[in-house]
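J.: Have a look at the structure that comes next, please.
The values are calculated or read from the model by the stated rules, or taken from the named source; none is laboratory data. This one's a predicted model, so the numbers in the text were calculated from it and none came from an experiment. Neighbour counts run over all protein chains shown; Cβ positions are idealised from the backbone, glycine included. Calculation scope for accessible area: heavy atoms of the full protein, side chains included, ligands and nucleic acids excluded. Shrake-Rupley method; radii C 1.70, N 1.55, O 1.52, S 1.80 Å.
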Amino acid sequence: MKKQIALIAALAFASTAAQAASRDYIEIVGSSTVYPFATVVAETFGKTSGFKTPKIESTGSGGGLKLFCAGVGVDTPDITNASRRIKSSEVEKCAANGVADVTEVKIGYDGIVMANAKGAADFALTRKDIYMALAAMVPGADGKLVANPNKTWKDVNSSLPSAPIKVIGPPPSSGTRDAFEELALGGGAKKVEALAALRGEKDVETVKKMMADLGIDMAIFDAVMKKKGKVKGKDIFKKVAHHIREDGAYIEAGENDNLIVQKLENDKGALGVFGYSFLEQNSDKVKGATVDGVAPEFEMISDGSYPVSRALFFYVKKAHVGKIPGMAEFLAEFTADKAWGDEGYLADKGMIPMPAEERAKYAADAKELNNLMLK
């Protein structure tokens, strides 16, 4: 089967070979968070390598992977950036479309911040505060989940400002949104005893009883069962905890973190959700909220003490290497210590470097084009 997919990929690329002369540059799509880092590498590469500067489009992690997995050939991207790891369903989609061999390169780490304008009120949040402010369903007075009734931050936590809950952030196609829902909302939901218990439960009948106690619609159970053929408490937890409210308290701003910063400048009552690098680059305009008592700072993200942080990646279409000019050389530039090392130019842009051992592992994967292995 794999030989058949590889043959399909080779034929697909061969069928577009006549167009190759019109595509003598690398095409990259994907994450808005990784975009500024990839852009710096691309510009450096274009100036120093003798190859054309890669073209990069910010489509969001999900949108980039959809384009990347659409097939093989010069009309499809060579590389996609992601602020989350590729999903097994996306790997399957790639393979079905002839994208059989994909190399994963982790490039570093990033924190997800909640920030507001300089001069606006300071926010000291917990992950539970974020969950109670932004989740679609939260515990009511009787412990059952209800549509989020909280209108102001003070409704969530009496120590917070009385300002209306208004958060500007990325859309569902964004890897930042995925990670924010998992790490911030999910992390906060784990602080609710009944939800934490549900998350850890594996017995199906007990899960059903817990759902009834929490007032969770059994249609969610049925949907998970239909899709996966089995249900664990963790599956139901994700459905109810990793879901942002849709009543206007959270405003989607598209795949442009700079636009969120601009909106915060014009709306002193709003908070925004974006990657740490945008906070650092705009520190004269916006300030970050603490989360669980930890400030979103380089050192705190690097040592893991900041609780809302994640890994950044890009994915390489192996079938394009050797056919699109400069791909191997671009990978070498990105994975050189002068770029992603402790003192590299990407750290200057706000990316948190990986430890040396981890960098060596992914540099080798990029050089040897090792195939992605999902565990």
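J.: Say whether the condition of being polar (S, T, N, Q) and without any contact (Cβ under 8 Å) to a residue 60 or more places away in the chain is met by at least one residue in the stretch 235-258.
T.: Of the residues in the stretch 235-258, the ones polar (S, T, N, Q) are 256, 258.
Checking which are without any contact (Cβ under 8 Å) to a residue 60 or more places away in the chain leaves us with 258.
Yes - at least one qualifying residue is present in the stretch 235-258.
J.: Next question, about the same structure. Regarding SER305, is this residue of a type in the set (S, T, N, Q), more than 24 Å from SER173 (Cβ to Cβ) and in contact with a strand residue (DSSP E or B) (Cβ under 8 Å, 6 or more places away or on another chain)? Spell out how you get there, then give the answer.
T.: Working: of a type in the set (S, T, N, Q): yes; more than 24 Å from SER173 (Cβ to Cβ): yes; in contact with a strand residue (DSSP E or B) (Cβ under 8 Å, 6 or more places away or on another chain): yes.
So SER305 fits the description; yes.
J.: Got a number for residues in the stretch 297-339 being in a strand (DSSP E or B) and within 30 Å of PHE51 (Cα to Cα)?
T.: First, pick out the residues of the stretch 297-339 that are in a strand (DSSP E or B): 309-317, 321, 324.
Next, from what is left, pick out any that are within 30 Å of PHE51 (Cα to Cα): 311-317, 321, 324.
Final tally of qualifying residues: 9.
J.: Here's something else I'd like to know. On the basis of being closer than 19 Å to ASP110 by Cα, outside the structural domain of THR39 (by the TED database) and open to solvent by less than 30 Å² (accessible area, probe 1.4 Å), does LEU346 make the cut? Explain how you work it out, then say what you get.
T.: Numbers: closer than 19 Å to ASP110 by Cα: yes; outside the structural domain of THR39 (by the TED database): no; open to solvent by less than 30 Å² (accessible area, probe 1.4 Å): yes.
Considered against the rule, which asks whether it is closer than 19 Å to ASP110 by Cα, outside the structural domain of THR39 (by the TED database) and open to solvent by less than 30 Å² (accessible area, probe 1.4 Å), LEU346 comes out as no.
J.: Let me ask something else. Against the condition in contact with a helix residue (DSSP H, G or I) (Cβ under 6 Å, 6 or more places away or on another chain), of a type in the set (D, E, K, R), part of a loop (DSSP other than H, G, I, E, B) and in the same structural domain as ALA289 (by the TED database), how does LYS202 come out, does it pass?
T.: Working: in contact with a helix residue (DSSP H, G or I) (Cβ under 6 Å, 6 or more places away or on another chain): no; of a type in the set (D, E, K, R): yes; part of a loop (DSSP other than H, G, I, E, B): yes; in the same structural domain as ALA289 (by the TED database): yes.
So LYS202 does not fit the description; no.
J.: So, in the stretch 59-76, exactly how many residues are surrounded by fewer than 24 Cβ atoms within 10 Å (Cβ to Cβ) and either within 20 Å of LYS227 (Cβ to Cβ) or of a type outside the set (A, V, I, L, M, F, W, C) (or both)? Reasoning before the result, please.
T.: Step one: list which residues in the stretch 59-76 are surrounded by fewer than 24 Cβ atoms within 10 Å (Cβ to Cβ), which gives 62-63, 66-67, 70-71, 73-76.
Subset that is either within 20 Å of LYS227 (Cβ to Cβ) or of a type outside the set (A, V, I, L, M, F, W, C) (or both): 62-63, 66, 71, 73, 75-76.
Final tally of qualifying residues: 7.
J.: Here's a follow-up. Sort out which residues of the stretch 299-309 are closer than 30 Å to ASN370 by Cβ and either surrounded by fewer than 18 Cβ atoms within 10 Å (Cβ to Cβ) or modelled with pLDDT under 90 (or both), and write them in order of number.
T.: SER302, ASP303, GLY304, listed by residue number.
J.: Oh, and also: If ILE324 meets every condition in (1) closer than 29 Å to ASN258 by Cβ; (2) in contact (Cβ under 8 Å) with a residue 40 or more places away in the chain; (3) open to solvent by 20 Å² or more (accessible area, probe 1.4 Å) apart from one, which number is that one?
T.: Single failed check for ILE324: (3).
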